[in-house]
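Take a look at the structure set out below.
The values are calculated or read from the model by the stated rules, or taken from the named source; none is laboratory data. Note that the structure is a prediction, hence the values are computed from the model and not measured. As a convention, Cβ positions derive from the backbone with ideal geometry for all residues, glycine included, and neighbour counts pool all protein chains shown. Surface accessibility is based on the protein's heavy atoms, side chains included, excluding ligands, DNA and RNA. Shrake-Rupley method; radii C 1.70, N 1.55, O 1.52, S 1.80 Å.
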Amino acid sequence: MAKKVLVLAGSPRKGGNSDRLCDEFIKGALESGHEVEKIYVCDKKINFCTACRQCNAEPRCFVHDDDAQEIFEKFRDADVVAFGAPVYFYGINAQMKTLIDRAVAYNPHGWLDNKDFYYLITAGVPQAIAKDTTANTFHGFAVCLEGIVEKAVVYAAGVGAVGAIEGRPELKQAYEFGKNI
C-alpha cells in the first residue's frame, strides 16, 4: 500500500551531504510507489516558540504567522517522516531544532502521532558519538509523541566537504530504507 512520505531536509546547504541522503531515500520511496514531498526547512520562515501555550486550545500558533502551520499540516497527513540533518556541535542544526520546538502547538492535538520516523544524519567529524548525540535529539522528540516507530538511522561520518558522501555506503542505505518503507 502506498504511503505518504514527508522528507524534512534540514541542511542550509542544498545539494550537500545530508541533502544527498534525503534524495536517495526519496528515490527508493518513489520507486516503491510511495507519494513523497520534500521540504527544505531552510527555505521556510519558522520563528521560535515563545512557550505562550495558547496553542493548547487548538492546533495553531497564536503568536507567529509563518510557515510552521503549513509544514505541520503536511506532517499530520504523512505516514512516514524522514528527517535529514547535518551535525552541528554534536546535535541537530538550529533550523531543524526550531521546527521541532514549534511542534508543541500540534502535539496535544494528535497531529504528529502514529508515524514511522527515519533519521538521515551527516557529520564532518569522524567520531561515532555524533550519531548518538544527534539521534538522541530526534529520539527525544519521538518519545513525546504517540505511536511513533523509529525505523532507522543512517549516519555518515567524516563528510564535511560538499560531495564527500559520494560513493559511500550510506547513500545505498538511505535508498534501501526508502525503498522498503
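Worth pointing out:
- Across the range 54-91, the number of residues qualifying as touching a helix residue (DSSP H, G or I) at 6+ places or on another chain (Cβ under 9 Å), hydrophobic (A, V, I, L, M, F, W, C) and open to solvent by less than 20 Å² (accessible area, probe 1.4 Å) comes to 10.
- Residue match in the range 10-33 (condition: open to solvent by 70 Å² or more (accessible area, probe 1.4 Å), under 24 Å from D101 (Cα atoms) and not in a loop (DSSP other than H, G, I, E, B)): no
- Top-ranked residue of the range 133-159 - restricted to ones that are of a type in the set (A, V, I, L, M) and part of a loop (DSSP other than H, G, I, E, B), ranked as surrounded by the fewest Cβ atoms within 10 Å (Cβ to Cβ): V143
- Consider the range 147-175 and keep the residues that are within 17 Å of the chain's Cα centre (by Cα) and acidic (D, E). The one that is farthest from V7 (Cα to Cα) is E170.
- Test for E58: is it among the charged types (D, E, K, R), more than 13 Å from the chain's Cα centre (by Cα) and assigned to a loop (DSSP other than H, G, I, E, B): yes
- Any hit, the range 96-106, residues being open to solvent by less than 10 Å² (accessible area, probe 1.4 Å), outside any helix (DSSP H, G or I) and under 21 Å from A152 (Cβ atoms): no
- Those residues of the range 36-48 which are loosely packed, with under 14 Cβ neighbours inside 10 Å and farther than 20 Å from P108 by Cβ, in sequence order: E37, D43, K45
- First in the range 41-67 and of a type in the set (S, T, Y), second anywhere and part of a loop (DSSP other than H, G, I, E, B), Cβ under 6 Å, 6 or more apart: T50/V63
- Some residue of the range 122-132 being within 17 Å of V41 (Cα to Cα) and open to solvent by less than 50 Å² (accessible area, probe 1.4 Å): yes
- Given (1) open to solvent by 10 Å² or more (accessible area, probe 1.4 Å); (2) on the phi < 0 side of the Ramachandran plot; (3) among the hydrophobic types (A, V, I, L, M, F, W, C), number of the condition A51 does not satisfy: (2)
- For the range 166-181, residues that are assigned to a helix (DSSP H, G or I), surrounded by 14 or more Cβ atoms within 10 Å (Cβ to Cβ) and of a type outside the set (D, E, K, R) total 6.
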